[in-house]
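The values are calculated or read from the model by the stated rules, or taken from the named source; none is laboratory data. None of these values were measured; they are calculated from a predicted model. Cβ placement follows ideal geometry from the backbone for every residue including glycine, while neighbour counts extend to all protein chains displayed. The accessibility values were calculated without ligands, DNA or RNA, using every heavy atom of the protein model including side chains. Shrake-Rupley method; radii C 1.70, N 1.55, O 1.52, S 1.80 Å.
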Amino acid sequence: MFAPIVLAAGGSSRMGRSKLLLELGGVSLLRRAVRAAVDAAVGTVVVVLGDAAARARAELDGLPCSIVADPALPSRGMNASLAAGLAAVPAPAAGAVVLLADMPLVDAAAIRALVERHRSTAAPLVATRYGDALAPPVLYARARFAELAAGGAGDGIGRALLRRYRAQVEAVDAPPGALADVDGPADLERLRARLGDGGTR
């Protein structure tokens, strides 16, 4: 079992409002990400929320997941969100698949592909490859949890581990455009245009 961890506690500073509640294809970015994690059916889904937790919980109604909420997380950075998610991973899980809620085109198949590559290679780290870059979602075996959780405030501990253990990293290639993320309004409009979606603002 591998627990998907959906990181959704960011401050949305470049969007100017809670981007994860904005819709793409009639579904909020948050619900899209969590539904993909649930549909992957690889383990208990953990969702990490920040200061918009009350509204976010309503978006997740009906989806089986374990919610970790802390209003202080947006100010502490992604490392703190990751540590909170790792602490909630059930003990039987052999590892976690970490994904970002603002990457709405990551689907269940992408998550399952990481788990399948780990099972076939026993690699402790399996990342998604887009061109020359390694990106989320990323599978981390439980043996790497302590290092991930020790990242402190700020961002980048996940990337740092991929660099530190590069020789141990397996990669699964992503289809073109599959790792598009939503940082600001223009990113969301580009995705809406690409999907032929007028969107709901």
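May I ask you to say which residue of L73, L60 is over 14 Å from the mean Cα position of the chain (by Cα), open to solvent by less than 10 Å² (accessible area, probe 1.4 Å), over 19 Å from L179 (Cβ atoms) and free of Cβ contacts under 8 Å to residues at least 40 places away in the same chain? First the steps, then the outcome.
Values: L73 fails: free of Cβ contacts under 8 Å to residues at least 40 places away in the same chain.
After applying the criteria, what remains is L60.
Would you be able to say whether some residue in region 88-100 is assigned to a helix (DSSP H, G or I), in contact (Cβ under 8 Å) with a residue 60 or more places away in the chain, of a type outside the set (S, T, N, Q) and open to solvent by 10 Å² or more (accessible area, probe 1.4 Å)?
Step one: filter region 88-100 for residues assigned to a helix (DSSP H, G or I), giving none.
Among the residues of region 88-100, not one is assigned to a helix (DSSP H, G or I), in contact (Cβ under 8 Å) with a residue 60 or more places away in the chain, of a type outside the set (S, T, N, Q) and open to solvent by 10 Å² or more (accessible area, probe 1.4 Å), which makes the answer no.
Filter region 156-180 for residues that are assigned to a helix (DSSP H, G or I), exposed (fewer than 15 other Cβ atoms within 10 Å of the Cβ) and over 17 Å from the mean Cα position of the chain (by Cα) and give the result.
Across region 156-180, the qualifying residues are R163, R164, R166, A167.
Quick check on region 124-155: of everything there that is under 23 Å from M103 (Cα atoms) and without any contact (Cβ under 8 Å) to a residue 12 or more places away in the chain, which residue is most open to solvent (accessible area, probe 1.4 Å)?
Result: D132.
On the given criteria, is D183 assigned to a loop (DSSP other than H, G, I, E, B), open to solvent by 20 Å² or more (accessible area, probe 1.4 Å) and charged (D, E, K, R)?
Details: assigned to a loop (DSSP other than H, G, I, E, B): yes; open to solvent by 20 Å² or more (accessible area, probe 1.4 Å): yes; charged (D, E, K, R): yes.
When the stated conditions are applied, D183 passes them.
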